[in-house]
Protein chains: 2
Amino acid sequence: MGKKDISVKGFKASSIAAGLKKNKSYDMALIYSEREAVAAGVFTTNKVKAAPVLLSMEHILKGRARAIIANAGNANACTGSEGIRNAELTAELVAGELGIKKEEVLVASTGVIGAQMDMVKVAGAIPGLVGGLSEGNIPLAAEAIMTTDSFPKISIFEGKAGNHPYRILGIAKGAGMIMPDMATMLSFIITDINIEREELKKAISSSVAKTFNRITVDGDTSTNDTVFVLANGAAGNDKLNAYDYEGFRDGLKDVMNDLAVMIVKDGEGASKLVHINIEGAASEKDAMAAARNIANSFLVKTAFYGQDANWGRIMAALGRSGIAMEEKYVSIWIDDIRIVDSGMAVGAEQEKAAAERMKNSSFSVKIKLNIGDYQYKIVTCDLTHEYISINANYRT
Amino acid sequence: MGKKDISVKGFKASSIAAGLKKNKSYDMALIYSEREAVAAGVFTTNKVKAAPVLLSMEHILKGRARAIIANAGNANACTGSEGIRNAELTAELVAGELGIKKEEVLVASTGVIGAQMDMVKVAGAIPGLVGGLSEGNIPLAAEAIMTTDSFPKISIFEGKAGNHPYRILGIAKGAGMIMPDMATMLSFIITDINIEREELKKAISSSVAKTFNRITVDGDTSTNDTVFVLANGAAGNDKLNAYDYEGFRDGLKDVMNDLAVMIVKDGEGASKLVHINIEGAASEKDAMAAARNIANSFLVKTAFYGQDANWGRIMAALGRSGIAMEEKYVSIWIDDIRIVDSGMAVGAEQEKAAAERMKNSSFSVKIKLNIGDYQYKIVTCDLTHEYISINANYRT
């Protein structure tokens, strides 16, 4: 991305230190579209949904939005009717200050579960947020939604629809949790493309399925996970033809993929990025179950950390994943080194070579089940001492 | 149990250092019934089953057995047809030496996955094992099946069927894994009660469901998990009446429960024993899913380690467990201290008191879902730095 200007036509942003985080860094962000934008979103599948998730699910039904107000430091989850009222009030205050409708404001929160939001701080911060809106401030918004992420996550894509250049700009925060409870994935994506809502929804759902839904740090789905996409049409392109739609969808997928990989890289305590590729499964469901069981196995993840080509743990994880499989058809590779053939060890030499590859900060594990044609990819990280330290700390 | 003599009428045992473990400690055990015994077993549900599991599943169909031969140091899993042949050969050699049929020999292994068994060492050890058989040697057998367990696991129950006293004696090894891959639960239980096979099977399946199937260290089911129960009838009781059957079943459950709790206490790196009790679920399936999701959550387990009454993580684990639930009906207790009422925090004082309880080496977490009548209990441990160290080590 280099020194490229990180902005999208017609969008402004700002951030502020409202005092919701203890360390006085930025903790509230506002993203604003000068014109009405087509809006769609994806939310946590957790049955315990935070108040801002419940509110935004309602607001986004309108299909149009103008603003995203987000905070770190408090998840506003498990906070009952007072929590709902506080999320509503936040939207109302932002709408009032911007002179738009409250239904045009989307709300997202991340932070401690179970504590009521300090509305005096929130309300006090909103005029400053609106006053500070500027086109160049998206990177500051990326900073403000960080909890214990070690770096802000930003990705940008440039495309053309017909002759009209457009941009897709995404920011995200991951599951970094030096302060316990902050297990939320948030991503906000803005684009100036002119796109219909149904097209946008289709592009989002196909892209999320292959990006954000293909990463796992520890298998824990949070109460607050949210992805918003706002498209304001400022690029001025005509209705998308099939070719341009695909270009947009692929661009969106690239942006989401960038952000998703950054989230895993920045996973709590992670020292390795591991691509798990399942091939030859009997169904897509099986391929997914196999990938997830391996990626979330305590034992497999600690072996990644230990740089040990410990394929017995991978076989055991496959065997308990409930999928159709036959041990004797399974082959396993670390990068391009085959360590298991027909369910059995290839040899000590290969395992040693594979262990060498596992010293790299990123490697792949390919598993061929050889009983069907379905495949599935997932990206995960290792399970480290640092993860335990981060998550065993007292809440402070 | 004190200094009580640890033996059962008509059973002998022995153990030997065959050289399968690197540290030259006992690594093979033989348990022998002087008379034909009724036999039943329970095996891993993992689709990847070790060779001795496949062989013993076949042998136990006969319903009768005379011997259990077990080894640590090598799991004989993912070893193909050579592995099967080696398990068969082991049974044949033991049968030959004891002068019984090979189908009367049950085989169990635990240790490294994917390596062929050193049959020269195994064959060399069998005469010594048979020669060393003695009534008082059951504790040595419990030692021989240890891999990285820090203590041998033995439990004994004494009952009466009619006027006939009988004993149930169980030994087990758990999922201690200082050497990676040794994630196997083995338990061998011997009794001199006279019982029919169908009764024994019924008693085993009801007892296993409430004991061995209610513990979890890390959610990883091994390729080798095995429980054998041998009943030789030496107590001389008549056919069991309902009352005596129930006495036996409860005794068996007590023995299995003792062993199961010992396994969790001795889980890799565990510093806390935690009882998870789900109440008020809409179905037993839901109650079980809730208990397992909580007990296997990386985040919940690290909070136990951190002695943090971090109920937000418990709520999030409930929410993603796929069960019927309503956040606003959930209450949570640590021991007798309620920290969540109607889905919301009770207060900082209660959380502080709960955190005090969590400093104990054992405590309970009770979750009332308040939408049904079903309950489920599970016993688990925390996730610690030591677990990572143990499991990230290179295989040696």
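A short reminder: the numbers here are calculations on the coordinates, not readings from a lab. All values derive from a computational prediction rather than experimental measurement. Every residue, glycine among them, receives a Cβ derived from its backbone with ideal geometry; neighbour counts consider all protein chains shown.
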Pairwise centroid distance, computed over Cα atoms, of segment A:1-67 with segment B:134-155, Å: 60 Å
For A:Phe304, B:Phe157, order by how many other beta-carbon atoms lie within 10 Å, fewest first: B:Phe157, A:Phe304
Charge sum, other residues only, whose C-beta stays under 11 Å from B:Arg338's C-beta, Lys/Arg counted +1 and Asp/Glu -1: -2
Net lengthening on full extension, B:Lys328/B:Glu349 (0.36 nm per residue, minus Cα-Cα): 5.5 nm
For B:Met358, B:Met256, order by how many other beta-carbon atoms lie within 10 Å, fewest first: B:Met358, B:Met256
Per-residue mean of C-beta atoms belonging to partner chains within 10 Å, peptide B:378-391: 4
Average Cα contact separation per residue, chain B, under 8 Å, 6 or more apart, as relative contact order %: 17 percent
Shielding score for B:291-304, defined as the mean number of other chain Cβ atoms within 10 Å: 4
Positive-end extreme of charge dipole, chain B - chosen from B:Thr302, B:Ala95, B:Ala234 (charges on Cβ): B:Ala95
Semi-axes of the equivalent ellipsoid for the protein assembly as shown, Cα gyration tensor, largest first, Å: 55, 29, 20
Antiparallel content of DSSP bridges confined to chain A, in %, to 5: 70 percent
Neighbouring partner chain Cβ atoms per residue of A:313-326, average, 10 Å criterion: 5
For A:Ser25, net neighbour charge (Lys/Arg +1, Asp/Glu -1) across residues whose Cβ lies under 12 Å away: 0
Magnitude of the charge dipole, the protein assembly as shown, Cβ model with Lys/Arg +1 and Asp/Glu -1, debye to 20: 180 debye
Inter-copy label distances at B:Pro139 (7 Å, Cα→Cβ; nm, one decimal): 7.0
Ascending count of other beta-carbon atoms within 10 Å, so fewest first, for B:Lys366, B:Lys239: B:Lys239, B:Lys366
Additional length obtainable on full extension of the chain from A:Asn23 to A:Arg35, 0.36 nm per residue less Cα span: 0.8 nm
Rounded to whole Hz, the Karplus (6.51, -1.76, 1.60) HN-Hα couplings of segment A:17-28, x for glycine and proline: 9, 8, x, 7, 8, 6, 8, 6, 8, 3, 9, 10
R0 of 35 Å, Cβ-Cβ distance B:Ser362-B:Lys202: FRET efficiency to nearest 0.05: 0.65
Relative contact order, percent, segment B:65-205 [alpha-carbon distance under 8 Å, six or more residues apart]: 21 percent
Across the identical copies, how the B:Glu198 labels are spaced - nm, sorted shortest first, 7 Å along Cα→Cβ: 6.3
Sorted peptide list for A:318-330, A:259-271, A:222-234, criterion being average Cβ within 10 angstrom, highest first: A:222-234, A:259-271, A:318-330
Value of relative contact order over segment A:300-396, rounded to a whole percent, pairs C-alpha under 8 Å and six or more apart: 32 percent
Lysines whose Cα lies under 24 Å from that of B:Lys368, excluding same-chain neighbours fewer than 8 positions away: A:Lys47, A:Lys49, B:Lys210, B:Lys272, B:Lys285, B:Lys301, B:Lys328, B:Lys352, B:Lys359, B:Lys377
Table column - 3J(HN,Hα) (Hz), segment A:146-160, Karplus curve with 6.51, -1.76, 1.60, x for Gly and Pro: 5, 9, 10, 3, 8, 8, x, 10, 9, 9, 9, 10, 10, x, 10
Long-range HN-HN contacts of A:Lys49 with modeled amide H, under 5 Å: none
Theoretical FRET efficiency, 1/(1+(r/R0)^6), r = Cβ-Cβ of B:Glu92 and A:Lys239, R0 51 Å, to 0.05: 0.10
Per-residue HN-Hα couplings for segment B:338-346 [Karplus 6.51, -1.76, 1.60; θ = phi - 60°; Hz; x = Gly/Pro]: 7, 10, 10, 10, 6, x, 10, 4, 6
Label geometry 7 Å along the beta-carbon vector: A:Glu82 inter-copy distances in nm: 6.8
Local net charge near A:Leu129, Cβ-Cβ under 13 Å (Lys/Arg +1, Asp/Glu -1): 0
